Amino acid sequence: MRITTTRLFGLTEISPEEVKQKLGQPGFIAIDNNSISSFRRHHLPGARHLDPGDYGPEDLGPDRKALIVFYCSDALCGAGPYAAKRARNMGFENVFVMTAGLSVWLRKGYPVEAEIKNGAVPE
């Protein structure tokens, strides 16, 4: 078993396959903790971007039992686990980290959304 920041923080990992199955379900929230430029290029469908060190409980919504999945670029990135730990400390109960990150999501060919298409910011 490999040691990850997610495990060191005592958080639960969720696989890209599990996340793909849950996309669009009521009560499911995906939080992208990559840079804003990465988020604009591609992110999970419906994901919100949050700075891992600068958000409050109001940014996650009122349902403390919602299924919230944090992710960043890959297993070496600590932004997702750090943001997830903060959410858990704020009282959110169903907090997970997609430790594999966006890099594995993209490699698997799973769907993404983009705010920038062909280098242009949409109007």
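Pull up the DSSP beta bridges for the chain and report the antiparallel fraction as a percent, rounded to 5.
15 percent
Could you derive backbone 3J(HN,Hα) for region 93-103 from the dihedral phi with the Karplus parameters 6.51, -1.76 and 1.60 (θ = phi - 60°), listing whole Hz in sequence and x where the residue is Gly or Pro?
For region 93-103, the Karplus-derived couplings read 9, 10, 9, 10, 10, 8, 4, 4, x, 5, 4 Hz, x marking Gly and Pro.
Within the set Lys85/Lys108; Lys22/Lys65; Lys22/Lys108; Lys20/Lys85, which residue pairs have Cα atoms separated by over 18 Å?
Beyond 18 Å between Cα atoms: Lys85/Lys108; Lys20/Lys85.
Using the beta-carbon distance between Arg41 and Ser15 and R0 = 25 Å, what value does 1/(1 + (r/R0)^6) give for FRET efficiency, to the nearest 0.05?
On the way: r = 23 Å, r/R0 = 0.91.
So the FRET efficiency works out to roughly 0.65.
Given (1) 1.04; (2) 1.72; (3) 0.95 as candidate values of Rg/Rh (Cα atoms, Kirkwood Rh), which corresponds to the one derived from the coordinates?
Of the labelled values, this structure produces (3).
Between region 52-102 and region 1-20, how many Å separate their Cα centres?
So the separation of the two Cα centres works out to 12 Å.
The numbers here are math on the coordinates, done by the rules we state, and not lab data. Since we're looking at a predicted model, the values are computed, not measured. Heads up, the Cβs are rebuilt from the backbone with ideal geometry, glycines too, and the neighbour counts pull from every protein chain shown.
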